Every structure is written in C-alpha cells, then in structure tokens.
1. Using each residue's phi in the stretch 218-224, evaluate 6.51 cos²θ - 1.76 cosθ + 1.60 at θ = phi - 60° and report the 3J(HN,Hα) Karplus result to the nearest Hz, with x for Gly and Pro.
2. Roughly what angle does helix 15-27 make with the longest principal axis of the chain, taking Cα atoms, 0 to 90 degrees, to the nearest 10?
3. Fewest to most neighbouring Cβ within 10 Å: what's the order for Cys200, Cys228?
4. Which loop-located GluC sites (Glu not before Pro) does the stretch 1-31 contain, where loop means any DSSP state but H, G, I, E or B and the Cβ has at most 11 other Cβ atoms within 10 Å?
5. Looking only at Cβ-Cβ distances, which cysteines of the chain have no other cysteine closer than 4.7 Å?
6. With θ set to phi - 60° and the Karplus curve 6.51 cos²θ - 1.76 cosθ + 1.60, what are the ³J(HN,Hα) couplings of the stretch 157-174 in order, to the nearest whole Hz, using x for Gly and Pro?
7. Got a sec to turn the phi values of the stretch 238-254 into Karplus ³J(HN,Hα) couplings, 6.51 cos²θ - 1.76 cosθ + 1.60 with θ = phi - 60°, whole Hz, x for Gly and Pro?
8. Can you give the relative contact order of the chain as a percent, counting alpha carbon pairs under 8 Å and 6+ residues apart?
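Just so it is clear, none of the values below were taken in a lab; they were calculated from the coordinates. Keep in mind that what you see is a predicted model, and the values were worked out from it rather than measured. Here the Cβ positions follow ideal geometry from the backbone for every residue, glycine too, while neighbour counts run over all protein chains shown.
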Amino acid sequence: MKENFCAVYLSGTGNTKFCIEKFVKLLDEKAPVFAIEDETALSALKNYEYVVLGYPVQYSNAPKMVRDFIIRNAALWKGKKVFCLATMGAFSGDGAGCSARLLKKCGATVLGGLHLKMPDSVCDSKLLKKSREEKIEIIRRAEEKIERAILQIRSGKYPQNGLGFLPHLVGLLGQRLWFYGKTKNYSDKLKIDNARCVGCGVCVRVCPMQNLMLENQVAASHGKCTLCYRCISECPQQAITLVGKEVVEQYRLENFIS
Ligand SMILES: Cc1cc2nc3c(=O)[nH]c(=O)nc-3n(C[C@H](O)[C@H](O)[C@H](O)COP(=O)(O)O)c2cc1C
Ligand code: SF4
Ligand code: SF4
C-alpha cells in the first residue's frame, strides 16, 4: 500500500471505533483516526486524498449525523478516494452503500466497502441480546474479517460489501423503506427519567451532537439525537431510553475486549 489514508468515524458504543482502528492500523499504520465530532477531523480530512469512513448502521441506513457530515462538506469529498466501513448487529443489506452513494454524488471515488457484524448496541430492547461468550466470539470473527479484508486489499482488490445494485435493493426492501422515518431526521424521541437523573453530566459530555444539557440539575434532550446510544449506555443511573421503555443491559465494547 502506497496511499496515505486518514480515517473518520462515528461510534456510539465503541464497535465502529474498535473496527476502524484495527482496520486502519493494518492498512496504513501511520494513518490518523478521528471521531467525527472531533473539530480537527475536518481540517485533517482536507489534507488526505484517501479516507476510510466508518459508522454503525441504523435501520439499514447511515446515521443522520454521518449523512449530514458528507453533505455539509460536499466540496471536500470531490476527488477523494473513500473506503466505507459499516458495523451492524445483524443485517444491513447496503450499510456501506448508503454513504458510498452520497459520496459519489459529491464527486468521490468509492474504493470499496466492508460490513462487520458486531454486538448489538440497542441496550433498551430485549431483541438480539447475546451472552458474554457470544459477544466475544462475534468480535473475534469481526477481527478475522478485517484481517482477511486487508489481505485482499494488499493483493490489489478492495472488498465490495454493501455496494452495487443487489445490496441496495436488499437494504431498501429488507428494512430501510419501512423504517425510513426513524433516521430521516434527528430524533426528538430520547426519554430522560427525571426521577432517576442525578445531574452528573456524563451524558452531556459524551453526546457527539451536543444534544443534551443540564437544566435545573437534570439532563434535557433538544431534539438533535443521532441515535448513537452513547449516553444511554453510559448513564450511571440508567435514566435514558430511546427505542424501549427501560435499559435492559448497557453495552460498551470495552467490557468485551482485553
Ligand atoms: C438506532 C439503532 C439502529 C440499528 N439498526 C441496525 C440495523 O438496521 N441493522 C443491524 O444489523 N444493526 C443495527 N443496529 C446495531 C448497530 O449498528 C451495531 O451494534 C453497531 O456495531 C454499533 O456500533 P457503535 O458501537 O460504533 O455505535 C442499530 C443500532 C442502533 C442504535
Ligand atoms: S448521565 Fe444519567 S444521571 Fe447523569 S446527567 Fe445524564 S441522565 Fe442524568
Ligand atoms: S442524545 Fe445520546 S443517543 Fe442521542 S446522539 Fe447524543 S449521545 Fe447519542
């Protein structure tokens, strides 16, 4: 590999951060990696022709924050060569394709796409819950898939997960069409239980959208949630929910890697 990459990602509960860091380390160990909410991400992006863009799939779509990041900086993507890495709990069809199509519209060349199955981050729903051993095994398989992808890239061929017409159709009909309303805009559906909230400010500090604020010593949401589940998984009082009515099992990747 001669290309100099940089990487930008959104990660709510750590899966995408972990995967993109591993991927990039093997691809180009000097490549800087930035969280999308990091102010320096944009200026760094300007200096690199090759970019890895990573995010978690949400209802077979790219998160609104990621889509907006691409569109808001449309001019910046012109001429860039981008590899799209999407993590997911089970299925997306065209998770990587969702950003790839936007990037192409902005004039970027899409090198490839990689889909990585990781433990599910939706911690206020009983659906898709796995044992600790199963989660560790899922992560191990994702790491192996990353290593295989890198070997493939070194032999001159980028993986094409989630790109092309068929995955597009599968993602659209399999899920996105029916749930499109969930990711169309930022969400105002985040619920904070005032009786539980102790005003510690953890959620305010971690939100990549700066959607949360302390008001009268309790957290309040301002309708700009990108569904990342970071505050929900980190609130020490389990006071925040989104899809479900109560937190079933907070998920953070760091608890499953050594
Ligand atoms: C709101 C929401 C919607 C999701 N939708 C999907 C989905 O459509 N398909 C899927 O396989 N996983 C889905 N997931 C699971 C995440 O994509 C998966 O756990 C991802 O690896 C989380 O990455 P992160 O830890 O970097 O945030 C969803 C998660 C959230 C929070
Ligand atoms: S993290 Fe939880 S307890 Fe702390 S301010 Fe936010 S909602 Fe309240
Ligand atoms: S409010 Fe919570 S779930 Fe929504 S974007 Fe912020 S940290 Fe993520």
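1. Result, ordered by residue: 10, 6, 9, 9, 10, x, 10 Hz.
2. Orientation of helix 15-27: about 20 degrees from the principal axis.
3. Taking fewest neighbouring Cβ atoms as first place, the list is Cys200, Cys228.
4. Sparse-neighbourhood loop GluC sites (Glu not before Pro): Glu29.
5. Here Cys6, Cys19, Cys84, Cys98, Cys106, Cys123, Cys197, Cys200, Cys207, Cys225, Cys228, Cys235 come out as lacking a disulfide-compatible partner, given the Cβ-Cβ threshold of under 4.7 Å.
6. 10, 7, x, 10, 4, x, 9, x, 5, 5, x, 4, 5, 5, x, 5, 7, x
7. Listing the rounded values in order: 6, 8, 10, 9, 9, 6, x, 9, 8, 6, 8, 6, 4, 10, 9, 3, 4 Hz.
8. For the chain, the relative contact order is 20 percent.
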